[in-house]
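Remarks on the structure that follows.
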Amino acid sequence: MPAILDAPPGRTAAPARTASDFTPLARQVRESGLLDRRIGYYVRAIGLNLGATAAVWAAVAWFGGSWWAVLLGVPLALLSGRTAFLGHDAGHRQIASSAKANRRLGLLLGNLMLGMGYGWWNDKHNRHHANPNHVGKDPDVGEGVLVWTREQAEKARGRGVFAWIGRHQARLFFPLLLLEGLNLQVNSVLYLRGRARREVLLEGTLFAVHAVGYLALAFSVLSPGKAVVLILLHQGLFGVHLGSVFAPNHKGMMMPAPGEKWCHLRRQVLTSRNVRGGLFTDWFTGGLNYQIEHHLFPSLPRPSLRKVQPMVREHCARVGLPYAETGMVESYRQALAHMREVGEPLRG
């Protein structure tokens, strides 16, 4: 049995073996048929999501004269989260059998419906999947407003407001997520700079159609004041929803040291955390609560994640690999504790 040197969350750990133990698991999952496309599931999911979104906007128009209409920004945020998760699945080619069909779905779900770039997201997210929690390779732990390592915290000294945010980032994390929806849209547009003309034209046109359609819809059924409040509530809660789903997945988990190379199984399992829960958790997180399984098999259709989990858990136990799984509240506690710990140099 291979020995794995355990480490506290956020620290590096040196796997004792470099030979891949992934092959037997991959064979088992492939032979189970769980990698097969689930087109019927996704047709229903996309159809229900589009229908529910249209129904909520119809309700906004119905209650347009009342401030109660503004509260419908809450279900709109949840439905936008569902749209984002479906776009995420398209990006991983979980939905259709061809890359072209998945790309078209991603453009419609992301660029057109959310104003969030399919090209930008895929580029960023694929780099994350290739090297999760690896500083210098994973953009999700790169230098930015928040710090993910003590080294980044040291560099943030003297940077004014950024140093102040890093000092208090654990407490500010969820409030900052109110801006995440806007951040995703801005980065999607900025990504198009220097891209191929065809890509700029296609994605840029879809961005424009989304922006014009979204604003026209809001301001045509609501007074200007109510429309602004609805948009702020919708976009703010959308960012909080996405951030609250993605935050527990890797924050506070092991981080490879610079230059350190782990095999695929260890690279994905040691850096990921599952969130325990039932059907509601599966729905609320878009299946990303099975983060370990998703990282090991990115093209695995969402409804198959729950079914493949026992195989992965048993395989990790067989090769002596820690399998991290917590409840939702505990996952936030661990992630925020890590953020507070790495920000310590800024408080000192």
Report every pair of residues separated by at least 6 positions or lying on different chains whose Cβ atoms are under 9 Å apart, first residue within the range 128-142 and among the basic types (Lys, Arg), second in a loop (DSSP other than H, G, I, E, B).
LYS137/ASN131; LYS137/PRO256
When you check LEU146 against the structure, is it modelled with pLDDT of 95 or more and either farther than 19 Å from GLY243 by Cβ or surrounded by 15 or more Cβ atoms within 10 Å (Cβ to Cβ) (or both), yes or no?
no
From the set of residues in the range 297-317 that are among the small types (Gly, Ala, Ser) and surrounded by fewer than 22 Cβ atoms within 10 Å (Cβ to Cβ), which is nearest to the chain's Cα centre (by Cα)?
SER299
Residue in the range 187-205 that is nearest to SER244 (Cα to Cα), counting only those that are β-branched (Val, Ile, Thr) and surrounded by 14 or more Cβ atoms within 10 Å (Cβ to Cβ):
VAL189
Write out, first by first residue and then by second, each pair whose Cβ atoms fall under 6 Å of each other, whose residues are 6+ apart or on separate chains, and whose first residue, in the range 312-335, is touching a residue at least 40 places away in the same chain (Cβ under 8 Å) while the second is assigned to a helix (DSSP H, G or I) and of a type in the set (D, E, K, R).
VAL312/GLU293; TYR323/ARG313
Filtering the range 188-224 for residues that are closer than 28 Å to ALA54 by Cα and of a type in the set (Asp, Glu) leaves a count of 1
Given GLY213, GLY225, GLY239, which one is closer than 16 Å to LEU112 by Cβ, among the small types (Gly, Ala, Ser), modelled with pLDDT of 95 or more and assigned to a helix (DSSP H, G or I)?
GLY213
Can you tell me which residue among GLU151, GLU199 is of a type in the set (Asp, Glu) and either part of a loop (DSSP other than H, G, I, E, B) or farther than 23 Å from ARG103 by Cβ (or both)?
GLU151
What is the residue count in the range 28-44 for residues that are closer than 14 Å to LYS307 by Cα, in contact (Cβ under 8 Å) with a residue 60 or more places away in the chain and of a type outside the set (Lys, Arg)?
6
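The values are calculated or read from the model by the stated rules, or taken from the named source; none is laboratory data. This structure is a prediction, so every number in the text was calculated from the model and none was measured. Cβ sites come from the backbone with ideal geometry, for glycine too, and all protein chains shown count toward neighbours.
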